[in-house]
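Report on the structure given below.
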Amino acid sequence: MWDYSEKVKDHFFNPRNAGAVAEANAIGEVGSLSCGDALRLTLKVDPTTETILEAGFQTFGCGSAIASSSALTEIVKGLRLDDALKVSNQDIADFLDGLPPEKMHCSVMGREALQAAVANFRGQEWKDDHAEGALICKCFAVDAVLIEETIRANGLRTVEEVANYTKAGGGCSACHEGIEEILVRVMADRGESFDPNAVAGEIKKPRTLLTSLQRVKRIEGLLEEIRPNLRRDRGDVELVEVEGKNIYLKMIGACSGCQMAATTLGGIQQHLVEGLGEFIRVLPAEELSRRTAMGG
């Protein structure tokens, strides 16, 4: 379970400004239900001074998404639009006395919703898909521009950190190579070298380390939790191998060869990441067989 601050808990259980603002003249919508998180931000802005008089939110997501949205509305009320646009995702996290690293993407979503709302008020076009053909993470529909902007704004240096802040790479892992290419370029601009073996920089509270056997049993227990949903669709999953951060699964029954197999693996990976409290990659068993055949 994530370690939430008291302020995060407060804004989750007692969200401020929940719901749509009456007579809103600025609306920003980001995310999608298919990706697991969606946020609709509504603002009432004074047309003369461009001051935000009221702010409200409607969100579909986890407790961190609700708390981040609540915090955002509290921060921007009373600000002029140009000042509100200076609010960063880190400002939102700091307002809440911090967010778990794995939930930083919720604060990024709030920042984007604010940008979209301001653009809407000013009659400007705003799209979260910044460049056609630049979609890097298909599991969560995250494009190259958002990844690069987030890396630059937050000084990120690992794929794990990018997944924490944007969700990109937290699904099937097919986009990891693309994320690494962006990291290499941005870190070179900072005079740094990308290290694929670097550990995420966020400071986490120590957690009890599991033995290899305990870890495998924990993974099997987490798979049991989602197995009923797979069997309901006449499918199943089998744990084949645990190799460090890589977990190889075999899709069985209707899940085998299904067009949604990659999405299913992405959902399983997210469940295992949250259950284990660590960044792992879920890969199809075929990847292990292919690597073995190549002598890798």
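Rule-based calculations on the coordinates, nothing more; no lab input. Predicted, not measured: the structure shown is a model, and the values here were computed from it. Here Cβ is always computed from backbone atoms with ideal geometry, including for glycine, and neighbour counts include all displayed protein chains.
Work out how far the C-alpha atoms of region 6-121 reach from end to end along every principal axis, then list the three figures in whole Å, largest first.
That works out to 40, 29, 22 Å along the principal axes.
What length, rounded to one decimal in nm, is gained on full extension from Glu177 through to Ala285, with 0.36 nm per residue of separation minus their alpha-carbon distance?
Separation in residues times 0.36 nm, less the Cα-Cα distance, equals 36.9 nm.
Which pairs, out of Lys44/Lys86; Lys77/Lys167; Lys138/Lys250; Lys7/Lys217; Lys44/Lys103; Lys86/Lys167, put more than 26 Å between their alpha-carbon atoms?
Lys77/Lys167; Lys7/Lys217; Lys44/Lys103
Give me the distance in nm between label points sitting 7 Å out from Cα along the Cα-to-Cβ direction at Asp91 and Glu225, one decimal.
For the pair Asp91/Glu225, the computed spacing is 3.6 nm.
Between rounded, prolate and oblate, where does region 135-189 land on the alpha carbon gyration tensor, with a ≥ b ≥ c its root eigenvalues, rounded for a/c under 1.5, else prolate if a/b exceeds b/c?
prolate
Quick one: which of 10-22, 146-158, 40-52 comes out on top by average Cβ neighbours within 10 Å, and what's the full order, highest first?
146-158, 40-52, 10-22
Which FRET efficiency value, to the nearest 0.05, do you get for Glu243 and Gln58 by plugging their Cβ-Cβ distance into 1/(1 + (r/R0)^6) with R0 = 35 Å?
0.25
So how do 223-235, 62-74 stack up, highest first, on mean other-Cβ count within 10 Å?
The most tightly packed comes first, giving 62-74, 223-235.
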